[in-house]
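Since the structure comes first, as structure tokens, the remarks are kept for the end.
The values are calculated or read from the model by the stated rules, or taken from the named source; none is laboratory data. All values reported here derive from a predicted model rather than from experimental measurement. Neighbour counts run over all protein chains shown; Cβ positions are idealised from the backbone, glycine included. These area figures cover heavy atoms from the full protein model, side chains too; ligands, DNA and RNA do not enter into them. Shrake-Rupley method; radii C 1.70, N 1.55, O 1.52, S 1.80 Å.
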Amino acid sequence: MGILEGKTILVAGVTMDTSIGFATAKVAQQQGATVLISNFGRALGITRRIAKRLPTEPPVLELDVTDPDHLAGLADHVREHADHLDGVVHSIAYGNPETLLGGKFLTGPWDDVAQAVQVSAYSLKSLAVACQPLMSSGGSIVGLTFDATTAWPAYDWMGVAKAGLESTSRYLARDLGPEGIRCNLVSAGPLKTLAAKAIPGFEDMESTWKDRAPLGWDESDHEPTARAVVALLSDFFPATTGEIVHVDGGYHAMGM
Ligand code: NAP
């Protein structure tokens, strides 16, 4: 028996098999879940091909988290495959922020910052509200952050967006807790994915991480992060909400 046996989970934000969402969908299926995945726009075709690489090919839904029509129609699209959701994974970040990363903090234009915050932070609320009608018996929402308590080299306005995501998660925990819906984040160390490739200087961060994390760190191994997400989706964290679980080899707890 897996820890997600009998549960239905939507994983939003799967493009490649390197996506953290892909690893999460895989571990969730291995743990017994029925999984649906989503992505948006031009990458949807890639997602449909990549979906075949999962142990069981899941339905692929179209969801742009900034599109009010997609959000309004999401529950009905899910109902074509499942009558409820037990869990929702938000594995989404703004994909193309060249103007906002790599030492661009002082010049990042507001329009791009606004889009980054909408796609990477506000969308956790949008996704949660869109899925709320499917979670009338409670459930678990899990998002992915990159520790926003400090300023990082190169991460710039994405760091600000992640700070917004972390706060959004706490407010969702407050407002959805009475309905039995938990909301937590996993704070992962640097992992090789499409989103990470867009960050200039990312490789420097990887080598520092390896040196400083007491457990070491493998930026090609997404499974520890996926397992933590799956644990938070399961019934093994029934009294935990508004929490951020670090999956970073212990890096965040070290001084110099
Ligand atoms: P990824 O494979 O690029 O996943 C990000 C996903 O967000 C992609 O599927 C992307 O779709 C999707 N997306 C972007 N804009 C969207 C929109 N408007 N509506 C719906 N989906 C949208 O990269 P990842 O690293 O796995 O990222 C997943 C999450 O983990 C992100 O929140 C990221 O910040 C977080 N995280 C990553 C790391 C890391 O080192 N990689 C570390 C900590 C946390 P497209 O590909 O079509 O743009």
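Helix 20-30 axis versus longest C-alpha principal axis of the chain: approximately 40°, rounded to the nearest ten. Counting only Cβ charges, +1 for Lys and Arg and -1 for Asp and Glu, the dipole size of region 78-165 around its Cα centre is about 120 debye. Label sites at GLU179 and ASP235, each approximated as a point 7 angstrom past Cα along Cα to Cβ, lie 2.2 nm apart. For a modelled paramagnetic label at ASP67, 7 Å from Cα along Cα-to-Cβ, the residues of region 1-28 in reach, with backbone nitrogen under 14 Å, are 13. Once both axes come from the Cα atoms, what is the angle between helix 202-212 and the longest principal axis of the chain, in degrees from 0 to 90, rounded to 10? Roughly 90 degrees between the two axes.
Which net charge results when you count Lys and Arg as +1 and Asp and Glu as -1 among the other residues whose beta-carbon is under 15 Å from that of ASP218? Net of charged neighbours comes to -3. Under a Gaussian network description of the chain, with springs only between Cα atoms under 10 Å, the residue in MET205, MET135, MET16 that fluctuates furthest is MET205. Could you tell me the center-to-center distance, by alpha carbons, between region 207-235 and region 162-186 in angstrom? With region 207-235 and region 162-186 each reduced to a Cα centre, they are spaced 21 Å. Net charge in the neighbourhood of PHE40 (other residues with Cβ under 11 Å of its Cβ; Lys, Arg +1, Asp, Glu -1) is -2.
Please compare each pair in LYS7/LYS52; LYS125/LYS197; LYS52/LYS210; LYS7/LYS197; LYS7/LYS162 to a cut-off of 30 Å on the Cα-Cα distance and tell me which ones are over it. Pairs exceeding 30 Å: LYS52/LYS210; LYS7/LYS197. Per residue, the accessible area of the chain comes to 46 Å², computed with a 1.4 Å probe over protein heavy atoms only.
Across region 195-200, rounded Karplus estimates of 3J(HN,Hα) from the backbone phi angles (6.51 cos²θ - 1.76 cosθ + 1.60, θ = phi - 60°) give 4, 5, 4, 6, 9, x Hz, Gly and Pro being marked x.
For the chain, the longest principal axis of the Cα atoms and the long axis of helix 68-79 meet at an angle of about 50 degrees. Calculated FRET efficiency, ASP76 and ASP221, Cβ-Cβ r, R0 22 Å, to nearest 0.05? With R0 = 22 Å, the Cβ-Cβ based efficiency is 0.05.
Summing charges over all other residues whose Cβ lies under 15 Å from the Cβ of ILE92, with Lys and Arg as +1 and Asp and Glu as -1, gives -2. Element breakdown for the chain at a 1.4 angstrom probe: carbon and sulfur atoms account for 54% of the accessible area.
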